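The values are calculated or read from the model by the stated rules, or taken from the named source; none is laboratory data. None of these values were measured; they are calculated from a predicted model. Cβ placement follows ideal geometry from the backbone for every residue including glycine, while neighbour counts extend to all protein chains displayed.
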Amino acid sequence: MILEDMAEFARAIPPMRALIGLDLGEKTIGVAVTDNYLSVATPLETVRRKKFGLDAARLNEIMQERSIGGLVLGLPRNMDGSEGARCQSTRAFARNFDRLYPIPITFWDERLSTVAAERALLEADTTRKRRAEVIDHVAAGYILQGVLDRLAVMRRQGAME
C-alpha cells in the first residue's frame, strides 16, 4: 500500500516494527533500517542492482530478518521540487515492489541527502575508496532519519491520531 501522506503511513505501520529506507540508484540501492522504537536510522548495506526480481528478493530477505513494518523510498526530486524521470522510476519501483510484498510504502524528498552523507563522511576523514563503498547506504540513513524526525514531530503535535 503506497501512502503519500505521512500521517497515513504512520498509522499503517504495525506497532513495534522497524522501517527500511532505500536510496535507489541506477547501479546500487542504499539500505538503512531503524530500531523498533522508530528513534534512530542506521545505514546497513549497499545492494548492487541486478534485475528487479533479484533486488526485491534481497530487500525482502532484509525485511524478514529485521521484522520490517514499513518502507521509505527516497524520492529524487529536482532542485525546483518538480519530478523528473528518476522520480518516475522510483514510483514504478514502489508499485512493482508493492505487488510482490504488500507493506506500507511512502516517499521522502531526498534532495541533498547524498551531499549531506558525503559531507559527514569527509568530516569523519573517510578515505575516498571507503566513501565510494558506503555513500549509498549512508544517504539511505539520512533519508530514513528525516522520516523518523518528522514522525517524532507529528507525535508531539498529536497529528497521527
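Apart from one condition, Gln64 fits all of (1) under 17 Å from Gln145 (Cβ atoms); (2) of a type in the set (S, T, N, Q); (3) exposed (fewer than 15 other Cβ atoms within 10 Å of the Cβ); the exception is (1). Taken across the range 60-77, residues that are more than 22 Å from Leu3 (Cβ to Cβ) and modelled with pLDDT of 90 or more do occur, with at least one present. All conditions but one from (1) among the small types (Gly, Ala, Ser); (2) buried (at least 21 other Cβ atoms within 10 Å of the Cβ); (3) modelled with pLDDT under 85; (4) outside any helix (DSSP H, G or I) apply to Ala139; the one that does not is (4). Looking only at residues of the range 6-26 that are outside any helix (DSSP H, G or I) and out of contact with any strand residue (DSSP E or B) (no Cβ under 7 Å at 6 or more places or on another chain), we find that the one that is surrounded by the most Cβ atoms within 10 Å (Cβ to Cβ) is Gly25. Val115 passes every criterion in (1) at pLDDT 95 or above; (2) over 18 Å from Leu3 (Cβ atoms) apart from (1).
Scan the range 33-50 and tell me whether some residue there is over 28 Å from Gly158 (Cβ atoms) and of a type in the set (Phe, Trp, Tyr). No. Residue check: Ala92 meets all listed conditions (1) assigned to a helix (DSSP H, G or I); (2) at pLDDT below 90; (3) small (Gly, Ala, Ser) but one, namely (2).
Of the numbered criteria (1) farther than 24 Å from Lys27 by Cα; (2) of a type in the set (Val, Ile, Thr); (3) modelled with pLDDT of 90 or more, the one Val153 fails is (3). For first residues located in the range 57-70 and farther than 17 Å from Phe93 by Cα and touching a residue at least 60 places away in the same chain (Cβ under 8 Å), partners that are in a helix (DSSP H, G or I) and not basic (Lys, Arg) and lie 6+ apart or on another chain with Cβ distances below 7 Å do not occur.
Considering Thr42, Thr106, the condition of being buried (at least 20 other Cβ atoms within 10 Å of the Cβ), of a type in the set (Ser, Thr, Tyr), at pLDDT 90 or above and closer than 22 Å to Pro14 by Cβ is satisfied by Thr106 alone.
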